[in-house]
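Down below is the structure, laid out as structure tokens.
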Amino acid sequence: MLLNLQTTPPPFLHDTYTPRYILLSEPDCAKKRSQAYAHLAKCNLCPRKCGVNRLEGKTGWCLIGERAKVNVIAPHFGEEPCIQGHHGSGSVFFSMCNLRCVFCQNHDISHQRNGMDLTPEELGDWYIKLQEVGNVHNINLVTPEHVVPQVALSILHARSLGHRIPIIYNTSSYDSLESLALLDGLIDIYLPDFKVWEPSTSKRLLKADDYAATARESIKAMHAQVGDLCFTGDGIAKSGVLVRHLVMPGLEEEGAKIMRWLAEEVSRDMFVNIMEQYRPSAYVGKERTRGRRKEEVNGEAAAAGEGEEGRGEEKEKKKEERRYAEINRAVKGEEVESVRKAAERAGLWRFCDPPRHDGFNI
């Protein structure tokens, strides 16, 4: 008797995978090139909508003109196991950003204009080097929101040179729909970070009160393009969306709201990484530079702090004067656990946890 065997791969598993940009027709490629230059001529890549002509060297909020500025290009082993694999993720860290997160964990890159100025062609050449020499699993574009036209042109250039591995768009989620439309067909994996939920929080900590609304709109558009995260049999992610959320001190309820929204409004099959590695960084915990006490301005602080009692009072005053004091500590385990439980209650079940077997967690 013949058995009716399953011939299709199980959910979230590709038998084989061909990157989306390889499947584009030549007319579609030409159209995207034209659109990329149009975006640069009147920049609307993010909700800032500066409207500057970057082809003429003008810059807006991100301070980046016609050429992308790149800080680091190298195989990277600090990503999720399904992204970095055994050979690393070919990461391209772009300088500057369209947000100004006061706690930025990569502030030395995202808040400073350091690095190489590269044309799209030079950038695409680096993708080929990472593929051929580094043998990486993918190209991972880190903080690329403000250089999407250059990224689109670089992918198309690399395609013409024989590029054949997936492209990852590693973003804060502060993207415009116009920007994501340009990327449609070029990106295989979207790696958005959904940071905070409340406008008051994003205004204070990200300097963008419309962040959460933009992130919701952006993540929905990303999921509409590539769907839930899928893998090949080796455990390496090839397509789909992986959402990151960095749990922050005292903001676990905002994290819970993000998890509920992902489950109810996008997909209960969303692959989520609830991250616990927050640390005070960038401007958090720095001493205030304005509003100093009068005796400090007059050079009388030493006298006010004489003796053990005086020094103790001085320490307390300085502690109160630290910037963003409410997040000037490490995140607690119970805060991380609270967000995880909220995600599970909402129906999410695909998490970036250590696998209970040899290999990768899919």
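Computed from the coordinates by the stated procedures, all read-outs in this text should not be read as laboratory data. All values derive from a computational prediction rather than experimental measurement. Here the Cβ positions follow ideal geometry from the backbone for every residue, glycine too, while neighbour counts run over all protein chains shown.
Taking the convex hull of the Cα atoms, report for segment 180-240 its projected area averaged over all directions, in nm².
Value for segment 180-240: 4.8 nm².
When Lys and Arg each count +1 and Asp and Glu each count -1, what net charge do the other residues less than 15 Å away from residue 210, Cβ to Cβ, add up to? Write out the running numbers ahead of the final one.
Details: positive: 48, 49, 100, 195, 203, 204, 207, 216; negative: 145, 175, 198, 209, 217.
Spelling it out: positives minus negatives among the neighbours equals +3.
Using only the C-alpha atoms of segment 1-146, find the volume of their convex hull and express it per residue in Å³.
Numbers: hull volume 26.2 nm³, N = 146.
Dividing the Cα hull volume of segment 1-146 by its residue count gives 179 Å³.
Express the C-alpha Rg of the chain as a ratio against the empirical globular expectation 2.2 N^0.38 Å, rounded to two decimals.
On the way: Rg = 22.8 Å, N = 362, 2.2 N^0.38 = 20.6 Å.
The value comes to 1.10.
Residues with amide H under 5 Å of residue 193's amide H, sequence separation 5 or more or different chain, H placed in the peptide plane at 1.01 Å from N; which?
Under 5 Å from the amide H of residue 193: 171, 172, 173, 244.
I need 77, 12 ordered by Cβ neighbour count within 10 Å, fewest first.
Numbers: 77 14, 12 17.
Arranged by neighbour count, lowest to highest, 77, 12 become 77, 12.
Taking the beta-carbon count within 10 Å as an exposure proxy, list 15, 108, 125 from fewest neighbours to most.
15, 108, 125
Going by how many other Cβ atoms sit within 10 Å of their own, how do 101, 230, 50 line up, fewest first? Could you put the intermediate results ahead of the total?
Working: 101 27, 230 20, 50 17.
Taking fewest neighbouring Cβ atoms as first place, the list is 50, 230, 101.
Kindly work out what percent of the DSSP beta bridges joining two residues of the chain are antiparallel, to the nearest 5.
Values: 12 of 36 bridges.
If we restrict to bridges inside the chain, about 35 percent are antiparallel.
Could you tell me which of the pairs 220/286; 129/257; 31/220 are separated by over 32 angstrom between their Cα atoms in the structure shown?
Violating the 32 Å Cα-Cα cut-off are 220/286; 129/257.
Relative to the present Cα-Cα distance, how much length would full extension add between residue 25 and residue 349 at 0.36 nm per residue of separation? Don't skip to the end; give the middle numbers.
Numbers: separation 324, 0.36 × 324 = 116.64 nm, distance 3.70 nm.
Length gained between residue 25 and residue 349: 112.9 nm.
Would you pull out the residues with amide H under 5 Å of residue 271's amide H, same chain only if 5 or more places away, H placed 1.01 Å from N?
It is 229, 243, by chain and number.
Under 13 Å from a label point 7 Å along Cα→Cβ of residue 49: give me every residue in segment 181-204 with its amide N that close.
none
Given H placed on each backbone N at 1.01 Å, which residues far from residue 113 in sequence or on other chains put an amide H within less than 5 Å of it?
Close amide H contacts, sequence-distant or interchain: none at all.
Quick one: length gained pulling residue 34 to residue 286 fully straight, 0.36 nm per residue minus the C-alpha distance?
Values: separation 252, 0.36 × 252 = 90.72 nm, distance 4.52 nm.
Additional length available on full extension: 86.2 nm.
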